Amino acid sequence: MKSRFDPMLDPVAVSKFSPVLATLQNISAAVFTLAGIWVAYLYPEAITALANPKKVKLLEGIEATQRIKMLVLTIFTSAFVLIWILMLNTLKPIFESFIFVKEYSYWFKLFYFGFILYLVLNQVWSVLRIMGANIDFIHSLSYRKTEQEIQDKLNK
């Protein structure tokens, strides 16, 4: 039995969103990896803490703590996106066989499209956060370089 709403979304097949999910998966994995590398670089004690949690040192300074917090939240966001892509790819073929889903396909497609958009926006947020962290890093390096040059000139 077809839903009375089917004609509205029939031209837009769910399968057309497979490239979006594949791209989203690749970007999520890249951000997940990049943010993990940044955490390892900025806070090497975190790597040691994985092997021995008793050896964790506290971060010094609010700036370092905020940077690590932002990167860890970015890692969690990308992991969240990856998990949901896996769930969507696993559950989609199962749910498509249910009569209830076929009967209300309009609403399920609408939910599917909305949820993909939600995942895309979350991942865009993560990418922007990584870009912001890189810009902040470059700014910090420039500031320290300028500070060092001024100190060198004053010491001459």
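The values are calculated or read from the model by the stated rules, or taken from the named source; none is laboratory data. Keep in mind that what you see is a predicted model, and the values were worked out from it rather than measured. Every residue, glycine among them, receives a Cβ derived from its backbone with ideal geometry; neighbour counts consider all protein chains shown. For accessibility, only protein heavy atoms count, side chains too; no ligands or nucleic acids. Shrake-Rupley method; radii C 1.70, N 1.55, O 1.52, S 1.80 Å.
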Which members of the stretch 51-72 meet the condition of being modelled with pLDDT of 65 or more and surrounded by 11 or more Cβ atoms within 10 Å (Cβ to Cβ)? 63, 64, 65, 66, 67, 68, 69, 70, 71, 72
Residue hits (the stretch 102-156; surrounded by 16 or more Cβ atoms within 10 Å (Cβ to Cβ) and of a type in the set (Lys, Arg)) are 109, 129
Output the number of the condition that residue 91 fails; it satisfies all remaining conditions of (1) over 15 Å from the mean Cα position of the chain (by Cα); (2) open to solvent by 80 Å² or more (accessible area, probe 1.4 Å); (3) aliphatic (A, V, I, L, M). (2)
